[in-house]
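Novice: Have a look at this one before I ask anything.
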Amino acid sequence: MTRKMLLGLAGVLMFGIAAYAHHSLGATYESDKEVKLEGKIVQLLLRNPHSFLQIDVPDKDGTMQRWSLEWRGSGQLGQAGIKRDTLKSGDDVTITCNPSRTPADHRGALKTLHRKSDGFGWGTKPGETIE
């Protein structure tokens, strides 16, 4: 094999691995269902290809459940004004998300976020509020 063919083959293999590693949100989350969560931020992980927001939410019995919410990549969030210091641990938030296909996982794909203290919001249309 020539050097060009080997480099080409290596490129195809690398692209294939990256494409395989990225999962479908529709396969992981219920896109036809929406859950509203009210709780406190525990941690924000800004990274690519997806960021994650961890929040503690009381269940029906008052027991705290930690939810992991998958969000957009750090570059996309940065363009939308979300930086590392935008959301802080302890912030009270109301979130809407598409829940995981496995409910016991307490995971979701974040759709909207509203911080109660100052009305900061993400994912809503102009004039839309989360109650």
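Computed from the coordinates by the stated procedures, all read-outs in this text should not be read as laboratory data. All of these numbers come straight from a predicted model, not from anything done at the bench. Please note: Cβ atoms are built from the backbone with ideal geometry, for glycine as well, and neighbour counts cover all protein chains shown.
Novice: Compute the FRET efficiency between ASP85 and ASP56 as 1/(1 + (r/R0)^6), taking r as their Cβ-Cβ distance and R0 = 25 Å, and round to the nearest 0.05.
Specialist: 0.80
Novice: How high is the relative contact order of the stretch 28-122, given as a whole-number percent (alpha carbon pairs under 8 Å, six or more residues apart)?
Specialist: Averaging sequence separation for qualifying contacts and normalising by length gives 32 percent for the stretch 28-122.
Novice: For a test of understanding, tell me how many lysine pairs in the stretch 28-122 have Cα atoms under 12 Å apart, given they are 8 or more places apart or on different chains.
Specialist: Going through the stretch 28-122 pair by pair, I get 4.
Novice: Now, a different point. Once a ≥ b ≥ c are taken as the square roots of the eigenvalues of the Cα gyration tensor of the stretch 25-131, is the result rounded (a/c under 1.5), prolate (a/b larger than b/c) or oblate (a/b not larger than b/c)?
Specialist: Judged from the Cα gyration tensor, the stretch 25-131 comes out rounded (a/c under 1.5).
Novice: May I ask you to evaluate 6.51 cos²θ - 1.76 cosθ + 1.60, the Karplus curve with θ = phi - 60°, for each residue of the stretch 33-50 and list the ³J(HN,Hα) values in order in whole Hz, giving x for glycine and proline?
Specialist: Each residue of the stretch 33-50 in turn: 10, 9, 10, 9, 10, 10, x, 10, 5, 9, 7, 10, 10, 8, 7, 10, x, 9 Hz.
Novice: Just subtract the alpha-carbon distance of ASP105 and GLN65 from 0.36 nm times their residue separation and send over the number in nm, one decimal.
Specialist: Here the segment from ASP105 to GLN65 would lengthen by 13.4 nm.
Novice: In the stretch 52-120, which trypsin sites (Lys or Arg not before Pro) are in a loop and have at most 16 other Cβ atoms within 10 Å, using DSSP for the loop call?
Specialist: Filter output for the stretch 52-120: LYS60, LYS83, ARG84, LYS88, ARG101, LYS116.
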